[in-house]
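Accompanying notes for the structure given below.
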Amino acid sequence: MTLRNKIFIIYTILIIVPLLAISFAVHYIFSTSKIHDTTVNTENSIKQFNNSLDLIVEDAARSTLSLLYNRELIDILKEYDENTFITYKNHQHTTAFSLFLSGILYDKKQIHGIHVFANNGQIFSHMNNYSLTNRIYLPNEEWYVTAKEKRGSWIIHPEELPVYYSRNNQKMISIVRLLRDPEDKKEIGVMKVDFSPEYITQLTDQLISDDWKIASDGMQLIKKKNSRLLEKCTTNQSWITDEETNEDYLCITNTSSKTNIQVSNVIPKQYIYKEIIEFDRLLFILIFIFLIVSLMLSFYTSNHLLKPLEMLKNQIKGMQNNPYNEIQLKYEGEVAILSGAYNNLLAEIKDLVEEIYELNTRNAESEYKALQSRMDPHFIFNTLESINMTAVKRRQFDISDMITELGKLIRYRLKNDEQLVSLQDELAFCFTYLSIMKQRMMENLMIHQEIDERILQKKVPKYMIQPLIENALIHGKDDHTLKIMIKVKRKKDFIRISVEDNGVGISPEKLQCIDKRMNDKAKVAYSSSNKGAGIALENIYKRLKLIYGEKASLIIDSNLHEGTKMTIIIPTNKGDFID
């Protein structure tokens with residue numbers, strides 16, 4: 001494949017991929033924003049509608065209480081108790097109730113009628129006698145039974161066709177309250193407020209969709225259109241599917257915190273995505289036009305602007321037989337820059353070849369010196385072996401054992417190529433050191449150990465345990481027998497290595513000074529005045545932090561004249577190491 005074709009393909013990919021990514025991003029942002037705006041607008045309209053219902057219901061509920069402050073009307077209702085059979089109401093009683101209820105109804109378009117029902121079923125209202133029946137049998141009415149159960153609290157009764165209207169065929173929602181005499185708490189009747197169906201329908205015009213439902217305490221008060229969808233609409237901002245039409249709808253609900261009235265509205269998915277589809281169509285046209293223009297530019301670039309590069313490539317390929325010959329052809333523009341850069345590159349290659357030759361010569365000399373330096377440890381071990389053999393010949397076996405152990409220590413110390421060693425090797429190094437010290441201190445040193453052999457192959461930092469033991473031997477001994485306990489245990493995802501002694505301990509002041517030096521992150525070098533136990537501990541602490549980070553720690557627990565316990569905690573998982 002030629003360079004021209006490669007450039008054309010790459011240029012095309014670099015245009016198409018970002019273009020498609022931007023298109024998907026724009027589509028996603030616009031569609032998400034549109035759905036969000038539609039959802040928010042619907043929720044706001046439902047909240048506004050619900051607030052209007054709250055005002056209507058609360059006003060009607062207050063109206064049902066106003067009668068209880070009128071003693072004259074209360075006394076009238078007492079005359080129509082359930083044990084009194086009266087065929088016709090007293091005209092004065094009817095007039096008193098009519099005036100009172102008309103006053104409540106003044107300038108309230110949302111109310112169709114307010115009626116007071118005596119215990120014997122007689123009806124008092126602001127309407128004339130031709131619009132209402134004279135009386136009804138209350139126990140047959142569901143709203144009456146529910147109001148008695150509430151014992152004076154107002155209730156919302158779902159839409160139904162009232163039986164007491166003479167000329168009405170419209171279903172109505174009502175507020176009902178059982179009336180009780182404030183003095184003796186006896187039931188004196190029921191007050192019922194019927195809302196105007198036209199007013200409720202007018203309020204619902206502000207909802208986005210015609211599929212809506214009004215409910216209270218799980219009981220449907222009124223609904224419109226698709227009842228199947230409204231029964232499924234129970235969760236706000238959820239998607240539901242019409243099984244008959246297989247269309248998706250967005251369910252929006254809102255429940256009033258005052259009246260517990262829930263308003264539900266379902267919005268067709270087509271309505272939400274209508275503008276999104278139009279936007280996508282326009283976006284696709286713009287992308288298509290931009291893509292055609294970009295491909296034309298790509299073709300022009302690859303076909304015309306790369307011809308000088310093709311000529312330069314052929315010139316360079318002809319120089320394979322003599323790589324150090326410079327390009328003699330002269331070009332203009334960017335190709336001239338490339339020609340000059342190629343000639344400069346040849347000159348730099350020549351210089352690099354000379355530098356590499358000189359570097360290889362120096363490396364050979366360094367390697368020779370390194371091989372020569374390895375003779376020094378060999379000389380030391382030969383000398384120690386000679387001393388060891390002399391001690392054996394003179395039957396000084398204690399000295400022979402100590403020299404053998406010393407050789408092991410030196411070999412371990414000379415292995416500087418490993419930062420992490422197995423726990424088994426580190427402990428072997430420590431016990432070799434203790435063996436030498438045991439030869440020196442004899443019965444004044446007792447060593448105990450508790451080691452979990454299952455973790456001996458775990459990797460730990462080199463020279464991490466021996467300084468703790470050395471610290472116990474040098475700074476912990478007194479006139480009594482020194483006891484050292486070495487424990488290596490695994491607890492969950494961590495290895496705990498502790499060295500405990502019964503020595504003189506560390507004073508609080510010195511312990512505080514050691515802790516301060518270990519946590520001094522700005523300290524990079526040690527002065528001669530700071531030499532001592534704290535330097536080794538500080539070295540261990542900072543090495544732990546460098547290798548494992550904050551997951552590792554060094555804990556020092558000591559009381560003066562009671563001994564010292566030092567514990568190293570490191571993670572067991574290799575993934576916890578810091579590279």
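The values are calculated or read from the model by the stated rules, or taken from the named source; none is laboratory data. Because the structure is a prediction, the values reported are computed rather than measured. Here the Cβ is made from the backbone with ideal geometry for all residues, glycine too, and neighbour counts use every protein chain on show. Side chains are part of the model used for accessible areas, which takes the heavy atoms of the whole protein and leaves out ligands, DNA and RNA. Shrake-Rupley method; radii C 1.70, N 1.55, O 1.52, S 1.80 Å.
Data overview
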| quantity | calculated |
| --- | --- |
| Residue tally, condition touching a helix residue (DSSP H, G or I) at 6+ places or on another chain (Cβ under 6 Å) and either of a type outside the set (S, T, N, Q) or closer than 21 Å to Pro182 by Cα (or both), over segment 51-75 | 3 |
| Evaluation of Tyr130 against (1) at pLDDT 80 or above; (2) within 25 Å of Thr259 (Cβ to Cβ) (one fails), failing number | (2) |
| Scan of segment 263-288 for residues that are among the aliphatic types (A, V, I, L, M) and touching a Leu at 6+ places or on another chain (Cβ under 7 Å), ordered by number | Val266, Ile267, Ile272, Ile287 |
| Condition broken by Asp81, with the remaining ones in (1) modelled with pLDDT under 85; (2) within 57 Å of the chain's Cα centre (by Cα) satisfied | (2) |
| Considering residues of segment 205-257 that are among the small types (Gly, Ala, Ser) and in a loop (DSSP other than H, G, I, E, B) only, the residue farthest from Ile56 (Cα to Cα) | Ser209 |
| Filter result for the condition that a residue is open to solvent by less than 60 Å² (accessible area, probe 1.4 Å) and modelled with pLDDT under 70, over Asn388, Asn382 | Asn388 |
| In segment 258-292, the residues that are assigned to a helix (DSSP H, G or I) and charged (D, E, K, R) | Lys269, Lys274, Glu275, Glu278, Asp280, Arg281 |
| Given (1) over 30 Å from Ser209 (Cα atoms); (2) open to solvent by less than 50 Å² (accessible area, probe 1.4 Å), number of the condition Ile9 does not satisfy | (2) |
| Residue check, Asp54 touching a strand residue (DSSP E or B) at 6+ places or on another chain (Cβ under 8 Å), on the phi < 0 side of the Ramachandran plot, in contact (Cβ under 8 Å) with a residue 24 or more places away in the chain and of a type in the set (Asp, Glu) | yes |
| Any chance Lys521 is modelled with pLDDT of 90 or more, outside any helix (DSSP H, G or I), charged (D, E, K, R) and open to solvent by 70 Å² or more (accessible area, probe 1.4 Å) | no |
| Qualifying residue in segment 178-186 (condition: within 56 Å of the chain's Cα centre (by Cα) and farther than 21 Å from Tyr80 by Cβ) | no |
| Looking only at segment 160-186, and only at residues there that are closer than 20 Å to Ile136 by Cα, charged (D, E, K, R) and open to solvent by 60 Å² or more (accessible area, probe 1.4 Å), the one that is modelled with the lowest pLDDT | Arg167 |
| Residue match in segment 213-224 (condition: over 24 Å from Ser153 (Cβ atoms) and at pLDDT below 75) | yes |
| Residue match in segment 44-51 (condition: under 60 Å from the mean Cα position of the chain (by Cα) and under 16 Å from Ser125 (Cβ atoms)) | no |
| The one condition in (1) modelled with pLDDT of 85 or more; (2) within 30 Å of Asn90 (Cβ to Cβ); (3) of a type in the set (Ser, Thr, Tyr) that Ser63 fails to fulfil | (1) |
| Candidates Leu250, Leu230, filtered to the one that is surrounded by 15 or more Cβ atoms within 10 Å (Cβ to Cβ) and within 22 Å of Lys34 (Cβ to Cβ) | Leu250 |
| Met441 being out of contact with any strand residue (DSSP E or B) (no Cβ under 6 Å at 6 or more places or on another chain), in a helix (DSSP H, G or I), modelled with pLDDT of 70 or more and open to solvent by less than 40 Å² (accessible area, probe 1.4 Å) | yes |
